[in-house]
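As structure tokens, the structure follows; a few thoughts come after it.
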There are 2 protein chains.
Amino acid sequence: MSSEETTVVRNTRQRSAVRDVLDRCEGFRSAQDLHAILRDAGEKVGLTTVYRTLQGLADAGEIDVMRPPGGEHLYRRCSQGHHHHLVCRSCGRTVEVEGPAVESWTEKIARENGFVDVAHTLEIFGTCEECVAKK
Amino acid sequence: MSSEETTVVRNTRQRSAVRDVLDRCEGFRSAQDLHAILRDAGEKVGLTTVYRTLQGLADAGEIDVMRPPGGEHLYRRCSQGHHHHLVCRSCGRTVEVEGPAVESWTEKIARENGFVDVAHTLEIFGTCEECVAKK
DNA sequence: GCGCTTTTGACAATCATTACCATGTCCGGG
DNA sequence: CCCGGACATGGTAATGATTGTCAAAAGCGC
């Protein structure tokens, strides 16, 4: 039963376009944002394709997804590997942070409760210096 | 400037009903679930009211809200105070956990980056013992 | 270039949540 | 006990992001 699902991934203009935009953008962007940006740049890409591409990239671990309360999904090109985000509530500025201590803590807690195959999500929200100064 | 918004909160049959159901339920439930349960129990409560009540309870800190990837909001009566959840991917069983170390870590990280007024969300997912055994 | 497979994209469908608003209900003062 | 105004309810319509559909349009290996 070697039903090898040899799904060949192809290189298309649209996919590169989405990647490029993500590379150029600093912060998190919604799918609809990216779609609008592409339109403005003259690249004709369908909204459906944007969603599909983003999902693919997310599955491949090339981008990160955030689900802010009461809003759309936000996507961002991120450094490889596991990390978390420190996000400014006001201006959206994002800092990538790592916390080995947290990683091991979640593992420990999970193991203590008999859980295996553990994953976790962690987002930190706050107000950054500049935004405090502006007030 | 004493524009006291004296919003009086009233005690209604519907609100008590929602509370009661939450008390009786163990795990996380969606708003629509709760609505269905109330219907079945003979309590006539509108879906709109269920949503409103849940929002109110969440704002008051009496219940916790979780936003699982790709699904509805889930609500649950929780112990007071700040804590996190260890959730089984398979059966939904939930364990409340506390992590003082994590709390102080997030504070420290945020301060180091000049962020103030810090909050955070943390969910741990895994597969619990029983569900592993069933496989 | 050929053909097969993947991908695209316009549009419709889905589905949880919210807005609206006329009607019902609570509650304190008389 | 009864009234009046404030608050709450709930059916329905609206919203809006995301996903499904499927015929047409590219990629890629040969």
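The values are calculated or read from the model by the stated rules, or taken from the named source; none is laboratory data. Keep in mind that this is a model prediction, so the values were computed, not measured. So basically every Cβ, Gly included, is an ideal-geometry build from the backbone, and we count neighbours across all protein chains shown.
Checking B:Leu34, B:Leu57, B:Leu74, B:Leu38 one by one, the residue that is buried (at least 16 other Cβ atoms within 10 Å of the Cβ), within 14 Å of chain A (Cβ to nearest Cβ) and of a type outside the set (Asp, Glu) is B:Leu74 and no other.
Here's the yes/no breakdown for (1) surrounded by fewer than 17 Cβ atoms within 10 Å (Cβ to Cβ); (2) over 30 Å from B:Gly126 (Cβ atoms); (3) not aliphatic (A, V, I, L, M):
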| position | (1), (2), (3) |
| --- | --- |
| A:Arg52 | yes, no, yes |
| A:Arg67 | yes, no, yes |
| A:Glu103 | yes, no, yes |
| A:Phe115 | no, no, yes |
| A:Cys128 | no, yes, yes |
| A:Cys131 | no, yes, yes |
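Please specify each residue of region A:60-71 satisfying the condition of being within 14 Å of chain B (Cβ to nearest Cβ) and not β-branched (Val, Ile, Thr). Hits for region A:60-71 are A:Asp64, A:Met66, A:Arg67, A:Pro68, A:Pro69, A:Gly70, A:Gly71. Of the residues making up region A:47-88, those that are closer than 18 Å to A:Arg24 by Cβ and modelled with pLDDT of 85 or more are A:Val50, A:Thr53, A:Leu54, A:Leu57, A:Glu62, A:Ile63, A:Asp64, A:Leu74, A:Tyr75, A:Arg76, A:Arg77. Looking across region B:17-31, the residues that are among the charged types (D, E, K, R) and assigned to a helix (DSSP H, G or I) come down to B:Arg19, B:Asp20, B:Asp23, B:Arg24. So A:Glu103 passes all but one of these: (1) out of contact with any Leu (no Cβ under 9 Å at 6 or more places or on another chain); (2) more than 14 Å from DNA strand D (Cβ to nearest atom); (3) not in a helix (DSSP H, G or I). Which condition number does it fail? For A:Glu103, the failing item is (3).
Entry remark, region B:58-94: residues being touching a residue at least 60 places away in the same chain (Cβ under 8 Å) and either out of contact with any strand residue (DSSP E or B) (no Cβ under 6 Å at 6 or more places or on another chain) or among the small types (Gly, Ala, Ser) (or both) number 2 in total. Residues that are touching a His at 6+ places or on another chain (Cβ under 8 Å) and at the interface with another protein chain (Cβ under 8 Å from one of its Cβ atoms) within region A:77-101 comprise A:Val95, A:Val97, A:Gly99, listed in sequence order. Per the conditions (1) within 16 Å of DNA strand D (Cβ to nearest atom); (2) over 15 Å from B:Glu123 (Cβ atoms); (3) under 14 Å from the mean Cα position of the chain (by Cα), the sole criterion not satisfied by B:Gly81 is (1). For region A:25-57, a residue qualifies if it is touching a Gly at 6+ places or on another chain (Cβ under 6 Å) and either within 15 Å of DNA strand D (Cβ to nearest atom) or free of Cβ contacts under 8 Å to residues at least 24 places away in the same chain (or both), but none of them does.
Residue-by-condition table, conditions (1) over 28 Å from B:Leu74 (Cα atoms); (2) within 13 Å of DNA strand C (Cβ to nearest atom); (3) among the small types (Gly, Ala, Ser); (4) not in a strand (DSSP E or B):
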site	(1), (2), (3), (4)
A:Asp33	no, no, no, yes
A:Lys44	yes, yes, no, yes
A:Tyr51	no, yes, no, yes
A:Asp64	no, no, no, no
A:Gly71	no, yes, yes, yes
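Among residues that are away from DNA strand D (no atom under 14 Å from the Cβ), within 17 Å of B:Leu122 (Cα to Cα) and either touching a Lys or Arg at 6+ places or on another chain (Cβ under 6 Å) or in contact (Cβ under 8 Å) with a residue 40 or more places away in the chain (or both), A:Leu22 is not included.
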